[in-house]
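Remarks on the structure that follows.
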Amino acid sequence: MGVLTVIGAFLVALIVPAVSRLLSDEYKEWRPHLVRKVIRFSVRFLPQSERGRYEEEFSAHIEDTPGDLSKLIVALSLIPAAFRMSDRPLLALGLKRALDIFIAVGSLALLMPLLISVAIFIRIESRGPIVVKHTRLGKGGKTFPVFKFRTMYSDKSYDALAGLAFRSDPRITRTGSFLRITSIDELPQLFNVLRGDMSLVGPRAYPPNLMAAGMMIDELVTDYHSRLQMRPGISGLAQIRGLRGPSEYPAAYSNRIEADLEYIKSYSLALDLKILWQTVFSQLSPLSAPLIVLLAMMISGGISFLLYLAIP
């Protein structure tokens, strides 16, 4: 009880001066600025496509309220209202982020021998960086650098030719071809997850101004930007359905975007776990299986050795 009393007194000591300042005439001119900030914060709980409309409606509603302090109180009441209207509850997104960090840290620790081995093979075959950065569109349309193992020769980079790489692309190294088949080239994206750029599961991370089937993808698919409501994922609903890779058919890209939007609409923690489970087994191939078996043997051997040292 004593600890709770101290914490309560501390919070009161912080809150009372702040409220007193807001009530004083000294900060009267600053209140409209605070109201605008509260409105912008409130609409962040809403889907990207709805934010502009609701921001205008919230602002119009507050303008009809008399008094600066009354406007501020109404603006603060919009936060729980926006939260109730959100189709992605904050608690669920918080659990999603916690799951991302937990699995990313554990995966990096377990996969470190594999990551080091891949880095050695890349460096032996050709000169250049081991990990490359590609610009991708993230949540809210913001760009970020996505990390991948280099799968192409350094003098034949991704941007040297327009469009996505294809299966027999001469730019791809032999090691890179193996990494692409097994999807091992995407493992450095676990660092993007830790940075908060990506999630383990989400819409596919596409580059800005992507050309697909000879057209800009946002012209080809009208709902393309609606998929930017959530962080892009290393895997997702489109990937486990086999909707990936370059294609000459516009319908292929439409199906991918529809899968992304379906994921956003029906998101749940259980769906994320289901997609992660299916991703692990869908990515296994005759080429990657020996590596995974070897990795499992190394991990189990390491755990056994640690138990041997720990038990007298």
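Each reported figure results from applying straightforward, stated rules to the coordinates on display, with no laboratory input. Since we're looking at a predicted model, the values are computed, not measured. With ideal geometry, Cβ positions are generated from the backbone for all residues, glycine too; neighbour counts draw on all protein chains shown.
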Inset, instruction - Highest first, please rank the peptides 119-128, 232-241, 74-83 by the mean number of other Cβ atoms sitting within 10 Å of their residues. - result: 232-241, 74-83, 119-128
Inset, instruction - Determine the gain in length on full extension of the stretch K142-I130; use 0.36 nm per residue of separation and subtract their C-alpha separation, reporting nm with one decimal. - result: 1.8 nm
Legend entry - Relative packing of peptides 178-189, 133-144, 35-46 - highest average C-beta neighbours within 10 Å first: 178-189, 35-46, 133-144
Legend entry - Flagged links, alpha-carbon separation over 18 Å, of K96/K148; K96/K274; K96/K139: K96/K148
Inset, instruction - Using a 10 Å cut-off on Cβ atoms, rank the peptides 63-73, 258-268, 191-201 from the highest mean neighbour count down. - result: 191-201, 258-268, 63-73
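Quote to one decimal, in nm, the extra length available between T222 and E55 on full extension: 0.36 nm per residue of separation minus the C-alpha distance between them.
This chain segment gains 57.8 nm when fully extended.
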Legend entry - Estimated FRET transfer efficiency (D64, F191; beta-carbon r; R0 45 Å; 0.05): 0.40
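Under the 0.36 nm per residue contour assumption, what length would be gained going from the current alpha-carbon distance of F121 and L108 to full extension?
Contour length minus the Cα-Cα distance gives 2.8 nm.
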Legend entry - Residues whose placed amide H lies under 5 Å from that of Y206, excluding near-sequence neighbours: L137
